[in-house]
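The values are calculated or read from the model by the stated rules, or taken from the named source; none is laboratory data. Only a predicted model underlies this, so the values are computations on that prediction, with no experimental measurement involved. We place every Cβ from the backbone using ideal geometry, glycine too, and count neighbours over all the protein chains shown. Just so you know, the surface numbers come from the protein's heavy atoms only, side chains and all, with ligands and any DNA or RNA stripped out. Shrake-Rupley method; radii C 1.70, N 1.55, O 1.52, S 1.80 Å.
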Amino acid sequence: MTSATRAIVSGLRGARRSWGLGVFLLALNLATALLLAIPLAATLSRELHARPAATSMAHGFDFPWWGQWAESGPGWQKSLGPDLLGAGFAFKNLDLLLKGQLPAGLFAVRDPEGARALLVDPLLLTIAAAYMLVQVFLAGGVLSVLRQVQGRWTVRGLLHGAGFYCGRFLRVWALMMIAAGILFALYAPIARWADAQAREAVSESTAAGWLLGHHAAMLLALVFLHVVGTYARVIIVLEERSSATLAVLSGFAFAVSRLASTIVITAALGALGLAALWMWQAFDQAWMTTGFRSQILTLLMMQALLLARILLRVAFAGALMDLYRRDAVESVPVTLVA
Amino acid sequence: MRHRRATLGLIALGVALPSVMARQIVTPPSERMQLPPLPGPDSGLPPIPERSPRNANYRIKARLDAEAHRIEGLLELEWRNTTGLPQSTFPFHLYWNAFRNNLSTSARGQGRRAARGDDPRRWGFTDVKRIASSADGGVEADITGTLRYVQPDDGNAHDRTVFEVTTPSPVAPGATVRFHVDWTSLIPHGALGRAGWVHDYHFIAQWFPKIGVFWKGAWNAHQFHATTEFFSDFGVYDVALTIPAGFVVGATGALRETRDEANGSRTLRFYQEDVHDFAWTASRRFLEKTGRFESAGYPPVDIRVLLQPEHEDLAERYIEATRVALKAFGAWSAPYPYAQITVVDPAWGSGSGGMEYPTLITGGAGIHAPPSLFSPESVTIHETGHQFWYGLVATNEFEEPWLDEGFTRYHDRKAYNLAYGARGSGERYFGLPGRSLSGWPVVAPRVDVGRGYDIVGGLRRNGRDDVMARRSWDFVGAEAYGVNAYGKPALSLQTLEGLIGDEAMTRVLRTYGRRYRFAHPTSEDFIATVNEVTGQDWRWYFDQTWFSAEECDYAVTVRNARQRVAAGHVDGPAGPAPGAPVAGDAGEDGRPFESEVTVQRLGGVKLPVEVRVDFSDGRSVREGWDGQYRWKRFRYTGPARVVAATVDPDRRIALDVSPANNGWVEETGHAGRAASKWAMRWMFWFQHLLEMHAVLG
């Protein structure tokens, strides 16, 4: 069994053992989203009250009603639209990521007047940024759980681990944000150049290659940054490193030295994620959500997809931890002193 | 083992057979449309003119230098004086001078086709080297010295899109004058404008010096603005194009002759009678596909599609969409009279897509073209539809853009709803900014955009910016032009159809399309046709819609209450006496209901409307209201309460900018269910957005 395969298996086992942790993280995610989902439901209920559009929206999508409502509602509520249906939500979020809108529009392209063009309402970006910091805090706890052989966890243990590594993980996060900023700054002229090549291409096929190509390249670069950041955190937890900077540098070095294995792990778990998304899309196209009973099933399927995504994130961290633990530890020569 | 093989075979057959059968029994969209039958000879409709006035006939010889992107041209224009007055001054259009520099009127305008020059390749021009005239049998006189540029619209001395020349002697009414023009053109790069080159793709339109139209007692030759289109007279076009070897050429008309030249180039001669313009295209990359439109009662039409190689799989979709338009528009006005039509799939990077020329259109599609988003069907139906209004009726697009664009938009939405059903909704990601058909399409499942609803939003946002009936360049901005040239007239015609009925509307458009074929009619001509066919005066309707910026918006509210129990003083045997206290509207004591349905006119447009009122006992009534005052109240007393009320239940008034307030229903929990369903959907997206943040950094 190759080290990559062992790491993948180990990561998935770790996620399975810690499924309760996944549920906890899901609950946190759900609670955050409900902060706005509940007011949105109230608004929709009020706007649809005594309107025929209520029936058409309950059984389908009333385009004329939505078109008018979307013009008049508060900013963040306008993000409700048909582009969220099916797998559209995933494309939308990926598009926002690649346009530097996440987090908080920090890396968004500036307009000629120097202002950043935000494509998502600032309220949503603010909540998401706060959520991100909470996840940075919890990451130490998650890795502490994964570090244990038995993988059991308690909330107290999770928070203890989170608090213990919080300072160093925040510094790692800050360094990765700086790295992401540099990456987006480098990407902007490359994207403009690639777009210019696309514009001048003779055929649309060639143009599509340029366009999808530079988007894919940027996505891979962001994935690599995430890998480096994860390794840095793994190194801090496994070796109790105090320097975030050195941990990031070690993480980068390890990622490069174990590039093939890292790619296999990332690709395998990414493929599982895509498979889950594909299953969701098939369900969404086949299943009509109308009344409260069908909505409950749809909600369960939605949360199941999110739980799968969270567990894959945990599994990914676990797999990288396993790879590092085996390869980095095994590669250190042990000298026995008689 | 044998049983397993047999079972697998049966399963495979069961999977394959339905799809094979489905392919065989699917009816093409052009054949599944329910259209009114073509009128018979005794329909009472005006006869279709067999030929146009042919008062502006062009014989053109042009040579394309594909490397230098230049055209050298010689034209002979035979112009017959049908004005009734002697004429000695003649205006001509030189449209490409809009791209001469950044001082032209077009370059100073708004809109996506405004001639902008941040790329030096985008400059272009047409330069008349020599112009001469000769009267019937007379000597040719060089009148180049009389050439002067004029700017009748805005006085911009730098704009050279219109010039005038003067003949040595006046051309008498009924006489013919021939103009011989020797010109050279620099073809602009074609990323923005309708004409231009990208790589070896050349789309050549509005490319030759074109005489103005003597119309309503005066010469009509407007400058080219950022939002204007075109206006010209009918004639015969006989055009010889000399093109380098290896190019595939498409053009207005039929190919009459091909001749190989000594230097390796090729001359192709195209000919078409009774058209008012000539456009052409040449590219080495074109893939040619052909089809044919044949339907009982319609003249057959050869369809030639020139495709980009990467769009080869869209050939049949282009052809079928062309058939849909030829059949539908032919049924609603009069059949397409020409023997052929060329459909050009524009090159990547070209701005030539989505445009119409006589017997030639440009479409547009992406390599990822989900059928539910109707690309290329939508643009193909629209541009083919232009053949019937722009092409055959030929209104003044400068001064009354809605008579072409609005009419075409009204019919194109009707045609593809009949042929293909409601269009879907989708987004494209990871594409090129400014290129709407680039990127990866993601279609929203089970979302239908009904007829007209994709343009009501524009009317809501920009409908009050301007009166609809204004000259193309007189709108406050490009969005106002778009709404008033396309959306509002289309919805106003859809509303007129709702008010007078589909049958009457078809008769109106058939009468108008036939009577004014080749005749350059105006809005007044159309209004007069409506009045004639319906036998009523509809001037009031057009005054409120075409000649107004007012909005149309109707709303309905309902109040149900139990009949009151008397309180206060009531009649007693000895005069007024105290009655029982008011019980209000609570209680289940069987008192009848007193229901009020209030219809309000929130906009300035006054139209008669219907209101459908549904009761809890299953009864339904329809009320009429003339819409003159601001509101009207209908009262009902009875054992059943009102459970629903809808103003304009048949959606005849497409102009209503706020369809959301057109109905009231008794709340039965649907609002709550819909709210939770869609809030949950939104939450699902937001949850994923949050989870994406968990992996940042």
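Here are the numbers for this structure:
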item	result
Total charge dipole magnitude, region B:554-666, about the Cα centre, Cβ charges on Lys, Arg, Asp, Glu only, Debye to nearest 20	340 debye
Rg/Rh (Cα only; Kirkwood hydrodynamic radius) as it applies to chain A	1.00
Cross-link reach list, lysines versus B:Lys632, counting only Cα pairs under 30 Å and skipping chain neighbours closer than eight places	B:Lys488, B:Lys606
Net charge of Cβ neighbours under 14 Å - reference A:Ser56; Lys, Arg +1; Asp, Glu -1	+2
Extreme residue, positive dipole direction of the protein assembly as shown, given options A:Ala198, B:Thr506, A:Gly167 (C-beta unit charges)	A:Gly167
Size of the A/B contact, given as accessible area buried on both chains, probe 1.4 Å, in Å²	8000 Å²
Debye intensity ratio I(q)/I(0), log10, region A:228-276, q values 0.25, 0.26 Å⁻¹ (C-alpha model)	-0.84, -0.87
Rounded Å value of the spacing that divides the Cα centres of region B:497-533 and region B:118-165	38 Å
Per-residue average of Cβ from other chains inside 10 Å of A:42-50	6
With Cα atoms, 0 to 90° folded angle of helix B:315-332 axis to chain B main axis	70 degrees
Hydrodynamic radius of region B:245-324 per Kirkwood, over alpha carbon pairs, in Å	14.5 Å
Sum of side-chain charges, B:Val442 neighbourhood, beta-carbon under 13 Å (Lys, Arg +1; Asp, Glu -1)	-2
Accessible area of region B:346-415 divided out per residue, in Å², using a probe of 1.4 angstrom	12 Å²
If the convex hull is drawn through the Cα atoms of chain B, its volume per residue in Å³	282 Å³
Average projection area in nm² (convex hull over Cα atoms of region B:56-369, one quarter of hull surface)	17.3 nm²
Most positive-pole-ward Cα, A:Leu143, B:Ala218, A:Ala70, against dipole of the protein assembly as shown from beta carbon charges	A:Leu143
Apportionment of accessible area to carbon and sulfur, the protein assembly as shown, percent (1.4 Å)	58 percent
Furthest towards positive pole of dipole, B:Asn662, A:Pro39, B:Gln206, structure part the protein assembly as shown, Cβ charges	A:Pro39
C-alpha long axis of helix B:453-462 to longest principal axis of chain B, angle in °	80 degrees
Electrostatic dipole magnitude of the protein assembly as shown [Cβ: Lys, Arg +1; Asp, Glu -1; Cα centre; debye, to 20]	3900 debye
Chain A, helix-only ellipticity at 222 nm - DSSP H runs n ≥ 4, -39,500 (n - 2.57), divided by all residues, nearest 500	-27500 deg cm²/dmol
Between helix B:2-25 and chain B: long-axis angle, C-alpha atoms, 0 to 90°, nearest 10	70 degrees
Net charge over other residues, Cβ less than 11 angstrom from the Cβ of B:His688 (K, R count +1; D, E count -1)	+1
Mean Cα-pair separation over length for region B:151-209, i.e. relative contact order, pairs under 8 Å, 6 or more apart, %	16 percent
Cα convex hull of the protein assembly as shown - mean projected area over all directions, nm²	61.2 nm²
Computed helical MRE - 222 nm, chain B, DSSP H runs ≥ 4 contributing -39500 (n - 2.57), nearest 500	-7000 deg cm²/dmol
Rel. contact order, % - alpha carbon contacts under 8 angstrom, at least six apart, chain B	10 percent
Calculated SAXS-style log₁₀ I(q)/I(0) at q = 0.12, 0.14, 0.15, 0.17 Å⁻¹ - region A:120-270, Debye, Cα scatterers	-0.65, -0.83, -0.91, -1.07
Chain B - charge dipole about Cα centre, Lys and Arg +1 at Cβ, Asp and Glu -1, debye rounded to 20	1400 debye
Convex hull of Cα atoms in region A:212-338, direction-averaged projection (nm²)	11.5 nm²
Cα-based Rg of region A:1-115 normalised by 2.2 N^0.38 Å, two decimals	1.52
Three principal axis lengths of region A:146-195 [C-alpha, angstrom, descending]	51, 22, 15
Computed Kirkwood radius, in angstrom, where 1/r is averaged over Cα pairs of region B:637-697	15.6 Å
Cα-based radius of gyration of region B:170-301 once divided by 2.2 N^0.38 Å, which approximates compact folds	1.26
Fraction of alpha-carbon pairs over 20 Å apart in region B:554-666 - percent	50 percent
